[in-house]
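Only the coordinates and a few stated rules stand behind these numbers; no lab work does. Every value quoted in this text rests on a predicted model; they were computed, and no experiment measured them. FYI the Cβ positions are ideal-geometry reconstructions off the backbone, even for glycines, and counts take in every protein chain you see.
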Amino acid sequence: MSLTTISPMEAKRLLDHGATLIDIRGADEHARERIPGARNMPLDRLSAIESRSQPIVFHCKSGNRTAVNAEKLADAAACEAYIVDGGIESWKRVGLPVVADRRQPLEVQRQVQLAAGGLVLTGVLASLFVEPRFIALSGFVGAGLMFAGATGWCGMAKLFAIMPWNRPRLTV
């Protein structure tokens, strides 16, 4: 079963009439920016959602994760369910409210991208201006990224996830 994609405005109308909004992004993404009232249920921990009479509306960042996983979301919903076209990015573009907490760290994926990019650039520049063997650093990072892409396991992401700045913060 496939889910119907709806506009952010249509999603807002459904939410105003009792629908439940579920954010399938990771907890770190949800903590940094979210649609008010959205329940966080990351895709990797998605389980059956209790049967309800009101519809469920799913969203992610850009609409890609929800679209790719529409069948899994439909199976979990067991009721009328929809996907927000364009995710939270589209929600913001039409001027609907979001809650942003910039005190929360960047998403782990973005931290990995910044660190990997910085290491590759450092390896290239150091190999050009200091010692040619520094190119091995860029090769090592590239191999790690390829391994992560092939297996779904990223050592750098695992490392960043346990760093002190990424530990959950108590909100008052």
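Here are the numbers for this structure:
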read-out	value
5 angstrom amide H check on LEU96, placed H, neighbours 5+ away	none
For MET9, MET156, order by how many other beta-carbon atoms lie within 10 Å, fewest first	MET9, MET156
Loop trypsin sites (Lys or Arg not before Pro), the stretch 72-123, which have at most 13 other Cβ atoms in a 10 Å radius of their Cβ (DSSP)	ARG102, ARG103
Extension reserve of the ARG133-VAL68 stretch, reckoned as 0.36 nm per residue once the Cα distance is removed	19.2 nm
Label point distance in nm, ALA161-LEU121, each placed 7 Å from Cα along Cα→Cβ	2.7
Residues THR66, THR151, THR122, THR20 arranged by fewest to most Cβ contacts within 10 Å	THR151, THR122, THR20, THR66
For CYS60, CYS154, order by how many other beta-carbon atoms lie within 10 Å, fewest first	CYS154, CYS60
From phi via Karplus (6.51, -1.76, 1.60), per-residue ³J(HN,Hα) for the stretch 123-140 in Hz, x at Gly/Pro	x, 5, 5, 5, 5, 7, 10, 10, 8, x, 5, 5, 4, 4, 4, 5, x, 4
Separation in nanometres of the label points that stand 7 Å from Cα toward Cβ, at ARG13 and LEU145	4.3
Backbone HN-Hα couplings from phi across the stretch 20-28 [Karplus 6.51/-1.76/1.60, Hz, Gly and Pro as x]	9, 9, 10, 8, 8, 6, x, 4, 5
Gained length - ALA48 relative to ARG103, 0.36 nm times residue gap less alpha-carbon distance	16.6 nm
Distant-in-sequence amide H partners of ASN40 (H built 1.01 Å from N, under 5 Å)	ASP23
Within the stretch 79-125, GluC sites (Glu not before Pro) in DSSP loop having at most 15 other beta-carbon neighbours inside 10 Å	GLU80
